[in-house]
Amino acid sequence: MTEVQTLVKDLANKHGRKRESLIPILQGIIQKDRFISEHAMIEIARELDISSAEVFGTATFYSFLDTDTRGKYVIRVCKTITCSMKGKNQILLSLEDGLKVKVGDTTPDKKFTLLETNCLGWCHKAPAMLINDDVYTELTPESVRQIIEEYKKRDIRVE
């Protein structure tokens, strides 16, 4: 049994094997692997006895269920009208400049992926972004540069 098969089976044992178990199982895959592979989708379909097209459709519908490999730190910038009015475009430019990637790309060292996403629920403190599960609000180009530098420092090993 492959690692993916074991993970899917364990998640199905935990969440059940009904259609309503699909999203919790997909979320479990994301927690472990940070993205949902085609192989994982096929195994989920087999385990829940539903079509792989249904699994794929669900996995690709939700923006937080990634079906492509991502960097260690996934940066999701809110793209709502509120964030746009409060300077989201300057935030994106600052991120693209600091990371040397465009929206949708991952840095060559696989540390950062830059994405736009729908509402994060922080409109009252726009512009907002998530880095993995950490929320950052009331962003400025300067604060974004500082945040990214802190994340870059997290991975520097002291020899």
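General remarks:
- The chain, relative contact order [Cα under 8 Å, separation at least 6], %: 18
- Cα gyration tensor shape for the stretch 31-86, rounded if a/c is under 1.5, else prolate or oblate: oblate
- Note on Asp155 and Ser143: the model spin-label points, each 7 Å out from Cα along the C-beta direction, lie 2.4 nm apart.
- Segment Thr117-Thr6, extension gain: residue separation times 0.36 nm, minus the distance between their alpha carbons: 36.8 nm
- Computed E for Thr107/Thr60 - FRET, C-beta separation, R0 22 angstrom, nearest 0.05: 0.40
- Our estimate of slack between Ile50 and Asp33, defined as 0.36 nm per intervening residue step minus the Cα-Cα distance, is 3.9 nm.
- Each peptide in 88-98, 103-113, 68-78 gets a packing score, the mean of other Cβ atoms within 10 Å over its residues, and the list from highest to lowest is 68-78, 88-98, 103-113.
- Helix 38-48 and the longest principal axis of the Cα set of the chain meet at an angle near 50°.
- The stretch 3-61 - Rg and Dmax from Cα coordinates, angstrom: 9.7, 25
- Fully extended contour minus Cα-Cα distance, from Leu93 to Glu20, at 0.36 nm per residue: 22.3 nm
- Pairs exceeding a 27 Å alpha-carbon distance, out of Lys79/Lys100; Lys100/Lys153; Lys86/Lys110; Lys102/Lys152; Lys32/Lys125; Lys18/Lys72: Lys86/Lys110; Lys32/Lys125; Lys18/Lys72.
Where a number appears in this text, it was derived from the coordinates with a stated rule and is not lab data. Note that this is a predicted model, so its numbers are computed, not measured. Reconstructed Cβ throughout: ideal geometry from the backbone, glycine too, with neighbour counts over all protein chains shown.
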